[in-house]
Structures are given as structure tokens and as C-alpha cells.
Amino acid sequence: MSIRKITVFTAVILFAIAAALGVSGKIREKNIKEEYTPSTQTVTVTAVGDCTLATDAYADQDGSFNAYANQEGDDYSYFLRNAAPIFAEDDLTIVNFEGTLSSQGTRMDKQFAFRGKPEYVQILTTSSVEAANLANNHSSDYGDISHSDTIKYLNEAGISNFAGTNTAIRDVNGISVGLVGINALNEAEAEKLERAIGTVKELGAQLVIVSIHWGEEKETTPNETQIALAHKAIDLGADLVLGTHPHVLQGIEKYNGRYIAYSLGNFCFGGNNNPSDKDTVIYRQVFTFVEGTLQEDDNMTLIPATISGHDEYNDYQPSIASGDRKTEIQNRLLDASAQFGIQSLNFR
């Protein structure tokens, strides 16, 4: 073989080897890229308003929450039966627990006071409720012992509870969720907001949810104090602000990419056997995390509901609204949210 032929042959061999190595490298590079997928987690949160699982001792007991509880016997699933399938779909259901669970204590000298039987905690556990805000003006209606009993029974049932600087951290799908409750009706309690949010963030919370008890009863528009406090909560790191106390619905605002529900109204409300306003809503939001970082998305849904299955009286069994009633509640929420520049809301 001539030197020229050997040179050409060698060049061909070297080219083939180089090409093979190049293809192999590309294949390896491609496989590495295909094998790496950023980890993604979602946390679906559902929230509802005031849940008062008791009747005031001075109220008419006919048609009361207590009467219904006695009537249903041990079937504690009665009260949240219609909402339970929705609660079961999510990862975390939060209620504002307005009242106490205790067999101890003395009724405080106030207009309304609520003490439910300890076993009423099963109303929550049979309906997939995982968390309860205790920061409100009825959490010690039968003295400090009734408050500590409530915490005891909720803890024994596995229900996270929180109020003031007694925050809660809950692992949800590998995401650390910080839960903060503030009773802003008490100025000293309202001042705990910054410290409480700081606490859960120091504990590693990747998602911070703040429930605030505030405003004026039966007012459908949040006041300046509510708005300022809600904005402050988000500026401090809250990813969602949930409002309670007015007992009626108030609007939705989106501030710096985070939602504020100024009042979720009543939900399973034993405080009145026939409230004049029975409209309510179930708030739902899906939070998405990529590599542990919360994404900027807009996955929020509102489910119109009523606190009773009957317009004429309270059966203490919240129902999902439909037909004209659903439309009325949707329009009401849209009108109430218009002041915050909200032109549309996602309803289910």
C-alpha cells in the first residue's frame, strides 16, 4: 500500500473515531439533560370563615346547633357533609374556629359566649379539616381553661392550631407551611403580626398563610385598618391573607402578587339559628413550587356556598350554591372586589 493510501486510510479512521466520539458525547449530553427534571410540588389550600360549633347558653335552644347535634347523635359528619368532598380534594383545609371545646370553665360576662362539647372536634376530623385559627374574640369564652382545652383537643385530633405568637408549621407535600393567626380586634394582639410572621420564616416556612380576625360586623367593605394590616402582612412575607369576623362577605384584593380575602363570612355557624345573611364562599388556591421556590401564578378559585341548606332557618349544614343563588353570590363578590381593581374572579 502506498504512503498516500495509508495516509488517506488513517484520516478516514480518525474521522470515524472522532465522529463516533462526538455522537456519543451528544447522546450523553442529551441523556443528562433528559434525566434532569426540576422538582415540582403543589400545595392546594382551602379556607372557610367562622365555624362556631356551639350555641350560647342564654340563647333559645329550640332549633339551635346543640339541638341538631343531639338529634344527630354520634354522626358528627352531618354538619360539614356537603363541604367534606371539597375539603378532601385539597392538601390543607383551614377554618376560623370561633369558640371553645371544653367541659370546664365559667361563662365570661359578654353578649355571646360559645362552648362546645370536646367530642365536637369530630365535626372537623370527619370532614378533612387540618388546621384551625384560634385568634379571635371567642377563643376564651369560658376562661383560660376553655382555651387550653380547645388547644388540647385539637392537638389530640392532629389539627394544627395557631394564634398570635403561637404559630404552627405543617409539612404539606414536602413544603413547609407556616400558619399565623392574629386577632386584630385587640391592638396588643395586632402588634404581634411582624413577630409571628418572622417566627415561621425563621423556622423555614416556604409558604406563609396569615388569618386575621378584624373589621366591623356586618360591614361588607373592609375599613382602612384592615387594608393597611393586610398590606403589611404581605410586605412582611405573607403569601395569602384570610379575613374573618364581619360575618358577611367582603371583597378580594391582589396586592403585590398575593391574594387577600378580606372576609370569608360565616360557614358552619352555631351562633345564630337564623342569620339574615347566609351567603358564604369556599376559598381555594393552588401554590406551585419549583425547586422549593414559590412560583408567581394565579391559581385561585372561589366556590359560592350558603351556611344553611334552607333560606328560612339555619340547619348548620353549609351547602354549595347553584343556579340563581350561585350567580347572586358571584356578582356580590365581584362587586365587592371592584374597588381593588378586580374585574374578574375564577368561580367553580
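Those residues that are assigned to a loop (DSSP other than H, G, I, E, B) and either among the charged types (D, E, K, R) or in contact with a Lys or Arg (Cβ under 8 Å, 6 or more places away or on another chain) (or both), I need them from the range 76-101; list them, please. The answer is Arg81, Asp90, Asp91, Glu98, Gly99.
Got at least one residue in the range 265-279 being part of a strand (DSSP E or B), modelled with pLDDT of 95 or more, under 22 Å from Gln343 (Cβ atoms) and within 18 Å of the chain's Cα centre (by Cα)? No. Taking the criterion of being crowded, with 22+ Cβ neighbours inside 10 Å and among the basic types (Lys, Arg), the only residue of the range 162-214 that qualifies is Lys192. Just so you know, in the range 69-101 the residues that are small (Gly, Ala, Ser) and exposed (fewer than 15 other Cβ atoms within 10 Å of the Cβ) include one that is modelled with the lowest pLDDT, and it is Gly73. The residues of the range 200-226 that are over 19 Å from the mean Cα position of the chain (by Cα) and of a type in the set (Val, Ile, Thr), listed by number, are Thr220, Thr221, Thr225. Whenever a residue of the range 86-113 is at positive phi, its partners that are surrounded by fewer than 19 Cβ atoms within 10 Å (Cβ to Cβ), lying with C-beta atoms within less than 6 angstrom and at least six residues away or across chains, give the pairs Gly105/Gly143; Gly105/Ile145.
Filtering the range 292-348 to residues that are loosely packed, with under 15 Cβ neighbours inside 10 Å, assigned to a helix (DSSP H, G or I), without any contact (Cβ under 8 Å) to a residue 12 or more places away in the chain and not charged (D, E, K, R) leaves Gly323, Thr327, Asn331.
The values are calculated or read from the model by the stated rules, or taken from the named source; none is laboratory data. It should be emphasised that the depicted structure is a prediction, and the values quoted were computed from it without experimental measurement. Quick reminder, even Gly has a Cβ in these numbers, built from the backbone with ideal geometry, and neighbours come from all protein chains shown.
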